[in-house]
Structures are given as C-alpha cells and as structure tokens.
Amino acid sequence: PYAYPNALVACDDVAPIVRSGWLRGVSALPNSFAHDCFIDELGEVAGRDRLAYRLAHLPDERACDLLRAVAARAGWVEGAAGSRGQVAGDGKLHGRGVAYARYVHSKFPGFGAAWSAWVIDIAVDPRDGALAVKSIVVGQDTGLMVNPAGVRHQMHGNIIQSLSRVLKEQVAFGSQGTTSLEWGAYPILRFTEVPPIEIVLMDRPDQPPLGAGESASVPSAAGWANALFDGTGRRFRQP
C-alpha cells in the first residue's frame, strides 16, 4: 500500500504443507504484517513519527483520512515513544502500535473491500512475558453503511478473533501430521481477556458500499508487533 521510490519484490512460492481452511484474512494478515511492520522499521530508522511517516508514503487519501481519524480518537502524540525496554514505575513495559491495511480479495489482482486501521496500547510484564491489551481503537471505511450497527458488530468479531489468533491460537504438528486432536486443548481468548475496544466508523454516504467482512482483522498482527517494539525495543518479525 505504501509508495517507495525504489522497490524490489520477489516471490518464493512454496507448496503448502497442510490443507488450508477458512480463516479471516487468511493470507492478507501475514502479507499486511510484512508491509506494515517494515514501514514501522523504516520510520524508526528515518527518525520520524510512525504515523507521520506512513502518511507521507501513503498515496490513498481515504486511507490517510482513516489513519488520522483513528489516531485522533486514540490521542496520538506525535514523536512519543513507549518504554523501549526501560521498565516503568509499575514494573511493566508499555507500548503503542499503529497499523493499516485495506483487504483485497478475489483472484489476482483482486478488488478492495473496506479500509481498516488500528492503534493498540499494550503492557508487557518483563518477569514472565505476560501480555495485556490496555486499549484498542479500530477504524474502518466501509463506504456507504446500510446498517452501521452491523458493521460495528462485525468489526468487534474481527478484532476479538484476530487478537485470539495472534496471541494464543496454534495447531501443533509432529512427524505424522497434526498433534492437536481436540478442541478442549485449543487455546482461544477468554471473555475476561477481551480489552476495551473503541470503534471509528467513517461517514461515507456518497461512496459505494463495501464488504465489511474481514477487513478489521487484517492489521491486528502488525499493530501488535509494532506495539511490542515500542514497549520492549525488540522487533518481532513473525505474525
């Protein structure tokens, strides 16, 4: 999504090891993770505010409007940084991450659904690595919304499920295939772990309606990784 003056894109197409199933933003999430973590790293190297650096390289005005609206709701402070590995007075590491994606689906080159952006605030306990979400602001530009409440509910589902996917969900494999054989041992986010969530809906009644289905889940892993860097000072390069 970002405009670089120089870019080289290579594709290493590998045969699947296991059969893939239905998952929100199945390949969009890891692809977006690569894009949006890397723009975060480049902004850091350039000594720029992470939000301002994105906006400077994002030619899509609706995407920029969305990022600005989400940042404003989250109380974004330009140039502010988190703990970066220095433990705060409460014994925790605190970080804030921003991420953006527009979900594109169907056969290549595909077509766009809704735009989505996250600002996520987290805390890390350096003693045991325990993670906590303090707050999440997620915005979406879905074009004309026939039922805004439906869009809001769909976004909540995407946010909670993708948080669960990023933080907990995992299928284990051994030499004979899957070793995760029953749902009772499959870890998912619990009700007590659902954080405060704020939703920003862009008012676009003059624009065509777009699919709201999977878009809000796509930036989640990148938002987390960028927040983890802001808190710990370490880059996490796998979603």
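The values are calculated or read from the model by the stated rules, or taken from the named source; none is laboratory data. Please read all numbers here as calculations on a predicted model, not as lab measurements. Cβ atoms come from the backbone with ideal geometry, glycine included; neighbour counts cover every protein chain shown. Side chains included, ligands, DNA and RNA excluded: accessible areas come from the protein's heavy atoms. Shrake-Rupley method; radii C 1.70, N 1.55, O 1.52, S 1.80 Å.
Within straight-line reach of Lys92, meaning a Cα separation under 19 Å, sit the following lysines at least 8 residues removed in sequence or on another chain: Lys134.
Can you give the translational diffusion coefficient of region 31-135 in µm²/s, computed by Stokes-Einstein from the Kirkwood radius over Cα pairs at 20 °C and 1.002 mPa s? Spell out each step's value before the answer.
Values: Rh = 15.2 Å.
D, rounded to a whole number, is 141 µm²/s.
Neighbours of Phe38, meaning other residues whose beta-carbon lies under 13 angstrom from its beta-carbon, give a summed charge of 0 when Lys and Arg score +1 and Asp and Glu score -1.
If you put +1 on each Lys and Arg Cβ and -1 on each Asp and Glu Cβ, how big is the dipole of the chain around its Cα centre, in Debye rounded to 20? If you can, show how the numbers build up before the last one.
Working: 23 positive and 24 negative charges, 46 e Å.
Result for the chain is approximately 220 debye, rounded to the nearest 20.
Among the GluC sites (Glu not before Pro) within region 89-194, those in coil by DSSP and having at most 12 neighbouring Cβ atoms inside 10 Å are Glu182. Along the charge dipole of the chain, pointing to its positive end and built from +1/-1 on Cβ of Lys, Arg, Asp and Glu, which listed residue (Ala63, Gly150, Phe236) has its Cα farthest out? Sorting the options by dipole projection puts first Phe236. Note on Leu29: accessible area approximately 10 square angstrom, rounded to 10, probe 1.4 Å, nucleic acids and ligands left out.
Quick one: length gained pulling Ala34 to Gln86 fully straight, 0.36 nm per residue minus the C-alpha distance?
Details: separation 52, 0.36 × 52 = 18.72 nm, distance 2.63 nm.
Separation in residues times 0.36 nm, less the Cα-Cα distance, equals 16.1 nm.
Evaluated with a Cβ-only charge set (Lys, Arg +1; Asp, Glu -1), region 69-129 carries a dipole of roughly 260 debye about its Cα centre, given to the nearest 20.
Normalised by the number of residues in the chain, what is the relative contact order in percent for Cα pairs under 8 Å and 6+ residues apart? Please list the in-between numbers first.
On the way: 433 pairs, mean separation 66.0, N = 239.
Normalised by residue count, the contact order of the chain is 28 percent.
Share of carbon and sulfur in the accessible area of region 111-158 stands at 59%, probe radius 1.4 Å. Ligands, DNA and RNA excluded, the heavy atoms of Arg48 present near 110 Å² of accessible surface to a 1.4 Å solvent probe.
Computed from the coordinates I sent, volume of the Cα convex hull per residue in Å³ equals one of (1) 156; (2) 183; (3) 216. Tell me the label. Identified label for the calculated read-out: (1). Restriction of the trypsin sites (Lys or Arg not before Pro) in region 115-208 to DSSP coil positions whose beta-carbon has at most 16 other beta-carbons within 10 angstrom yields Arg127, Lys168, Arg190.
Per residue, the average separation of C-alpha pairs within less than 8 Å and at least 6 apart gives region 12-100 a relative contact order of 22 percent.
Rolling a 1.4 angstrom probe over the protein heavy atoms with all chains in place gives region 1-158 an accessible area of 55 Å² per residue. Taking a point 7 Å from the Cα of Phe236 along the Cα-to-Cβ direction, the residues of region 111-143 with backbone N closer than 12 Å to it are 122-125, 129-133. Ordered by solvent-accessible area of protein heavy atoms (1.4 Å probe), largest first, the residues Phe236, Phe229 come out as Phe236, Phe229. For region 129-239, the Cβ-based charge dipole about the Cα centre amounts to some 380 debye (Lys, Arg positive; Asp, Glu negative; other atoms uncharged).
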